[in-house]
Structures are given as structure tokens and as C-alpha cells.
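For reference, the structure discussed in these notes is given below.
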Amino acid sequence: MYRHLMGLRQLSRRSISSSARRQIDNSVKEKQKLFQEDNGIPIHLKGGSKDALLYRATMTLTVFGSGYVVYELLSAAMPKKAQ
């Protein structure tokens, strides 16, 4: 039991100390400068081409989904005649 606790202590100490060595560059200032720049682009598109693609896909799904809902509501409101 004691060996397991000591092994667990070493493992936790090793993972904590090794994660502290990895430094990540702080890019918040660059992102703030990019998003606060007054260049006429809407904020939801300032992230680049990936944001534009996501925006267009979302709008396409919204338009087609709304059309489908209207179609289903109309078909439910006007049932087919029984013969």
C-alpha cells in the first residue's frame, strides 16, 4: 500500500513539474489588436476564412431549415383529401 502511495506521489510530482516546463506564447494582445481594429468587417467575420465559412454554413442551414419547417407546417395544415 505504501509503495503505491509513493509511486502515485512520484507520478503526480512528475506530471506537475513537466507541465510547468511547457511555455505557451501569450497571443492575447495580438488577438485583441486584430478584433478591435476598425476596418469595417463585422466582429463575427474578423477571424478569417474559417469564420466566413462557418457563417455561410450556418446561414445556409438556417435558410433551408426554415423553408423545411414552413413546408411541413403547410402540409400539416392542409391534409390530403381521402378518396
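The values are calculated or read from the model by the stated rules, or taken from the named source; none is laboratory data. Note that the structure is predicted; figures quoted are calculated from it, not measured. When we count neighbours, we look across all protein chains shown, and the Cβ atoms used for this are built from the backbone with ideal geometry, even at glycine. Heads up: the accessible areas ignore ligands, DNA and RNA and are worked out on the full protein's heavy atoms, side chains in. Shrake-Rupley method; radii C 1.70, N 1.55, O 1.52, S 1.80 Å.
Which of the residues that make up region 49-64 are surrounded by 10 or more Cβ atoms within 10 Å (Cβ to Cβ) and small (Gly, Ala, Ser)?
Restricting attention to region 49-64, the residues satisfying the condition of being surrounded by 10 or more Cβ atoms within 10 Å (Cβ to Cβ) are 51-64.
Scanning region 49-64 gives 52, 57.
For region 71-80, enumerate the residues that are in a helix (DSSP H, G or I) and surrounded by fewer than 10 Cβ atoms within 10 Å (Cβ to Cβ). Let's see the steps before the verdict.
Filtering region 71-80 down to residues in a helix (DSSP H, G or I) leaves 71-77.
Across region 71-80, the qualifying residues are 74, 76, 77.
Output the residues belonging to region 31-48 that are open to solvent by 80 Å² or more (accessible area, probe 1.4 Å) and outside any loop (DSSP other than H, G, I, E, B).
Selection gives 31, 32, 33, 36, 43, 44.
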